[in-house]
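A short reminder: the numbers here are calculations on the coordinates, not readings from a lab. Quick caveat: nothing in here was measured; it's all calculated off a predicted structure. Cβ placement follows ideal geometry from the backbone for every residue including glycine, while neighbour counts extend to all protein chains displayed.
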Amino acid sequence: MDNIELLSDYADFLREKKKEGKRIVAFISHDNIPEELLDAAGFIPLRLIFAGNDDLMDASHDYLPPSTCAFAQSCIGLFSIKPDQYRFLDLIDFFIVSNHCVSDICASEIISRYFNVQRIDFYISYTQNENSLKYFRLEITNLIKQLEEIQGNSINREVLLHSIKKYNNFKKILKKINELQIKGSIKLKLLQKAMLFGPELMSELEENYANLNIVVNGSLENSKDILLTGCSIFFNDYLIDLIEESGGNVTFFDSWIGFNYYSQVIDDDLINSSEDPIDLLTIRFKNNIYGDHTVPNFLENRITLIKNYYNEHQAKIGKPIGVINHIIKFCDHMSIMSTHLKNRLQLEGIQVLNLERDYSRANRGQLATRIDAFLEMM
Amino acid sequence: MSLVADELIRFSSVLRIAYNFLTGRDYLKKKKFREKKKLISVALPFSDLVYAFPDLIPVFPIRMHEFKIHKYLTYLGSASNIFGWNRVSNFLGFVKDLGIKDISQTVDNIIEDVIETINEKYNEMFDLGIESGLSSDFCYGIKSLYGMHVSKGKNCDANLNYTIRCSAWNKYLESIDAIGNPSKQIWIDIPPRNIGNALELFVDNISKALNELGKISNYDYNSNELRNHFRTANHIRQVYKKIIYEISTANFYPCNPATFSEILALLNISFHDYNSNANRFEKNISSLLMEMNGRIRNKIGMDVLKMPKILITPMFGGWEPKTHDIIYELGGRVLYGDWDLLLFLEDIPISNRTDPIEAYAQYLMNINSNGIGCDNNILTDSYLRLAKNLKVDGLVFVQVFGCHSISNCYTILKEKIRRELEIPSIALNFNKMGENIEQIKTRLGAFMEMFN
């Protein structure tokens, strides 16, 4: 299934949901948005996980300066240009303005303001401690109130618990898929598709997992293993192709689309014993220590995670693994730490490529050269 | 001939503030090594809590650097210790009036040096930030601050870190630790919005930070000490506001408008940490207001009635300092009021709060909710509010390269200005001081023609 077909299917899926009377809530901020709550309240969560291009970025310059995160620029561009395959964006009823980063705030606010999508506010503390957990509860309570007002009825506790379980199981299957020894591009496509369609894709994912689990992919033996950290590879991005064309294979996606999402699993015993589903959402926020939003332990946690994966991978597969730190241009979170991340990992003998780029076509050749050189060095 | 030198020497308080800023290194060394006090790094006007402990000194890190100080300013500093600043200032004025060329030129150089040396140091820190591995895509402020920590951060015992809506700022604060300096990181999370009992949580966050500061200090936290500081800090704010609202909006200035802009810029920089001594800063800023009022009463200064008032903002994260000279040459006068715009010049409400921590939490929450705001809608309202309050004739918006938070909202702002203020506005791109001055001149030339 190619990307155009998938987007067309997704558009049909959303139209069908609209016919059922569901309303669509979109958001840029991928981390910490309680999609279970949106689901329980009867909304369809729509993650903006679409990569950009020159036209999309240019279109955003009417609203924000070009020195804005290329992904945020592209999100605005999607609403400004509305390319044919993205016409489904017209179906969006609400937009969550959140503070994953300041570009998220600005882009979300612009989309809501200039493209007439009603906004819902949801903000997260920048630290993770006892008080920020309490603050998270306040925001969740506030969000519940907003959603209930929109829908005109209250969110049932049992329904919310059911949604939490559903998403929990969904993430578990994604985790299993990620552990498969298959080509990174196949894995990424499954992850991207899953994060668009959500748990409705559960049975298809299980089927995929069963089929892919029995495939022994001999061609991977000669490829060079890569851990991709930093910014996600979004839908329609050519980066994964460049890596594979150069002889690399991403075995682990340490990004929004990937580990950061499916690692946010809540313990089943906790779910079954919980009286208050808000507690569960708060626990999920508390356990989300690898997200890039919070300070001050982001760098340390990420280094620990990468080191652990590196050691486990070497022990299990017997091959070294290189790290590509993918930095979308003007990304505050990934860029500022990139030098420190690289220096610290290199001290541990882990090879790192800081790959900064935007979505312009002109970059492709340069990116390919840098990836080639890095893989050769490995 | 400097635009400002003739005027600045008439204000001994300005010389004092400048001198205290530039000689920060010696002052801080004395405090640290002789008096065994500890330095706490702060940036943005977040220094107040440090004053709760008598042996802790807040410092905006650029002030730990050695500045190229004109030798005569050094002599003046020494002379002032004996004769007092007022006498020294009067003497300079006398020398200037005599018109002795060499000495007169020296006096000009002193003042020019003050402004230029600060800006040169900022640019030096900017370059150092990039050389140290920071991506050149970050804004001027972050790059300069990073450079300051690379070069001098090791002298601080702790960094007092407040989270705000700017993600580059928050991550920069985290990165200070990665630089490898031994200073302790003390974090204060400002809740993004004032909902539910968020204020209560914030009070607790501040209390915990005070507890951490207390571990560095040899003193226990004393609420009276903090309350006394807040009284001083409030007086500084009230005087600062009078300078912005009463003097800068008047039709007669105590000096030429370029000088006035220089003074506002100097106050803006010094307000970060009150030049490490709030009581001293309070005296100096109070004298400044008195000197200004005295000159206006005696009709010493300049009639500015016909000069359009141009608000340049935001400038605290980096701006081209030549802008106010250019606008003056084009017949306008420039006002700077960033701290008021972001509500940092509001009083810390100690009179109606028994606990100073609660008062400070309320003060910062107001800044976060209504000044900086959690989105650009609130932030642009702040720009509008200041422009309205100052009744400015035009607005120059500084669009800082790489800034994703404070200076990227011109589209929304322009729309609001057009709808609500109906005054001309222009956005100027800024990357580094001294770059593109000719382009700025051309653009401002066209902009200022609208007022003819």
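What the table below lists for this structure:
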item	result
A:Glu200-A:Val159 FRET efficiency (beta carbon distance; Förster radius 25 Å; 0.05 resolution)	0.95
Positive-end extreme of charge dipole, the protein assembly as shown - chosen from B:Phe46, A:Phe79, A:Tyr262 (charges on Cβ)	B:Phe46
Distance cut-off 37 Å, percentage of C-alpha pairs in the protein assembly as shown lying past it	47
Within 10 Å of each Cβ in B:17-24, the average number of Cβ atoms from other chains	0
Semi-axis lengths (Å, descending) of the ellipsoid that matches the C-alpha gyration tensor of region A:175-377	27, 22, 17
Beta bridge orientation in the protein assembly as shown: antiparallel %, DSSP, nearest 5	5
Chain A: calculated mean residue ellipticity at 222 nm from DSSP helix runs of at least 4, using -39500 (n - 2.57)	-17000 deg cm²/dmol
Longest site-free stretch - chain B; sites: GluC sites (Glu not before Pro), DSSP loop, at most 16 other Cβ within 10 Å	B:67-421
Over region A:318-378, volume per residue of the alpha carbon convex hull, in Å³	86
Dipole of chain B, positive end: most advanced residue of B:Ala359, B:Gly141, B:Ser13 [Cβ charges, Cα centre]	B:Ser13
Rh by Kirkwood over Cα pairs, then Stokes-Einstein D for region A:253-333 at 1.306 mPa s and 10 °C, µm²/s	107
Charge dipole (debye, nearest 20) of region A:257-378; +1 at Cβ of Lys and Arg, -1 at Cβ of Asp and Glu	780
Cα-centre dipole for chain B with unit charges at Cβ (Lys and Arg positive, Asp and Glu negative), debye to 20	840
Ranking of A:His100, B:His149 by count of other Cβ atoms within 10 Å, fewest first	A:His100, B:His149
A:Gln181-B:Arg297 pseudo-label distance in nm [points 7 Å out on the Cα-to-Cβ vector]	9.0
Gyration tensor (alpha-carbon) shape descriptor, region A:1-112, a/c threshold 1.5	oblate
Largest-first ellipsoid semi-axes for chain A, taking √(5λ) over the Cα gyration tensor eigenvalues, angstrom	31, 24, 21
Relative contact order for region A:266-325, counting Cα pairs under 8 Å that sit 6 or more residues apart, in percent	16
Cross-link table A:Lys22/A:Lys172; A:Lys171/A:Lys319; A:Lys82/B:Lys143; A:Lys18/B:Lys414; A:Lys286/B:Lys171, entries beyond 29 Å C-alpha to C-alpha	A:Lys82/B:Lys143; A:Lys18/B:Lys414
For chain B, diffusion coefficient by Stokes-Einstein and Kirkwood Rh (Cα), 37 °C, 0.692 mPa s, µm²/s	146
Charge dipole magnitude, Cβ of K and R +1, D and E -1 - chain A, Cα centre, debye nearest 20	300
When the convex hull of its Cα atoms is projected in every direction, mean area for region A:70-180 (nm²)	9.8
